[in-house]
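Novice: The structure is given below, and queries will be raised subsequently.
The values are calculated or read from the model by the stated rules, or taken from the named source; none is laboratory data. Worth saying up front: this structure is predicted, and the values here are computed from it rather than measured. Using ideal geometry, Cβ is built from the backbone for each residue, glycine included, and neighbour counts are taken over all protein chains shown.
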Amino acid sequence: MLLRTYGPADHEQIIGLFLLNTPRYFHPQELQYFRHFLKENMDTDPYYVLEENGLVVASGGYYIKNNVGGLSWFMVHPDHHRKGLGSQLARHHLQILKDSNLDKIVVDTSQLVYPFYEKFGFVLLGTTLNHWGPGMHLYSMELEPQIIRDFAD
């Protein structure tokens, strides 16, 4: 499994990955925001892919703004769910964020995925019903950097 930075040549595979996770984990209307993210944020918000045999099987990014770090747009190919790929990306990104001496680390997710982030010590701050679309609720979570655990296997 190769972890590397996202590049323009990955665009179609990443969009395909998003669509494979829709509508289970993403509301269809989120696609426009994801496309915008890929087009406009690559210089400021690092995005990574996990590649296996030339195929992108997982992706996710992080950002740092105003001394706050965050995780963004995590997704795993449905054939590779529950194989630890999301955890591998999260540990990688959280280590970078931990080393950045931030005030806090956040993630905005849904009711479907928030238990994944709880495994890393994120706590739920609040929810907003139907934020991402009908039936897809926003779960805002936070992790204080001083309590970040060792993310090694």
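Novice: For residues in the range 90-106 being touching a strand residue (DSSP E or B) at 6+ places or on another chain (Cβ under 8 Å) and within 17 Å of Tyr48 (Cα to Cα), which is surrounded by the fewest Cβ atoms within 10 Å (Cβ to Cβ)?
Specialist: The qualifying residue surrounded by the fewest Cβ atoms within 10 Å (Cβ to Cβ) is Ile96.
Novice: Just checking, does the range 20-30 include any residue being of a type outside the set (A, V, I, L, M), without any contact (Cβ under 8 Å) to a residue 40 or more places away in the chain and not in a strand (DSSP E or B)?
Specialist: For the range 20-30, residues of a type outside the set (A, V, I, L, M), without any contact (Cβ under 8 Å) to a residue 40 or more places away in the chain and not in a strand (DSSP E or B): present.
Novice: Could I ask something else about it? Report yes if Tyr62 is closer than 23 Å to Leu138 by Cα, assigned to a strand (DSSP E or B) and hydroxyl-bearing (Ser, Thr, Tyr), otherwise no.
Specialist: Against the criterion (closer than 23 Å to Leu138 by Cα, assigned to a strand (DSSP E or B) and hydroxyl-bearing (Ser, Thr, Tyr)), Tyr62 qualifies.
Novice: What are the residues in the range 121-138 that are closer than 16 Å to Pro23 by Cβ and part of a loop (DSSP other than H, G, I, E, B), if any?
Specialist: Once the filter is applied, which keeps residues that are closer than 16 Å to Pro23 by Cβ and part of a loop (DSSP other than H, G, I, E, B), the range 121-138 yields Pro134, Gly135.
Novice: What's the number of the only condition in (1) part of a helix (DSSP H, G or I); (2) modelled with pLDDT of 95 or more; (3) over 15 Å from the mean Cα position of the chain (by Cα) that Glu51 fails to meet?
Specialist: (1)
Novice: Would you mind stating whether Gly84 is closer than 20 Å to Leu3 by Cβ, in contact (Cβ under 8 Å) with a residue 12 or more places away in the chain and out of contact with any Cys (no Cβ under 7 Å at 6 or more places or on another chain)?
Specialist: no
Novice: Please specify each residue of the range 61-89 satisfying the condition of being buried (at least 17 other Cβ atoms within 10 Å of the Cβ) and at positive phi.
Specialist: Trp73
Novice: Among the residues of the range 1-15, write down those that are in a strand (DSSP E or B) and either in contact with a Phe, Trp or Tyr (Cβ under 7 Å, 6 or more places away or on another chain) or of a type in the set (Phe, Trp, Tyr) (or both).
Specialist: Leu3, Arg4, Thr5
Novice: Can I ask one more? Being modelled with pLDDT under 95, in contact with a Gly (Cβ under 8 Å, 6 or more places away or on another chain) and not aliphatic (A, V, I, L, M) is the filter here; which residues of the range 104-144 pass it?
Specialist: Lys104
Novice: On to the next question. Could you tell me which of the residues Phe37, Phe26 is under 13 Å from the mean Cα position of the chain (by Cα) and crowded, with 20+ Cβ neighbours inside 10 Å?
Specialist: Result: Phe26 is the single residue among Phe37, Phe26 that is under 13 Å from the mean Cα position of the chain (by Cα) and crowded, with 20+ Cβ neighbours inside 10 Å.
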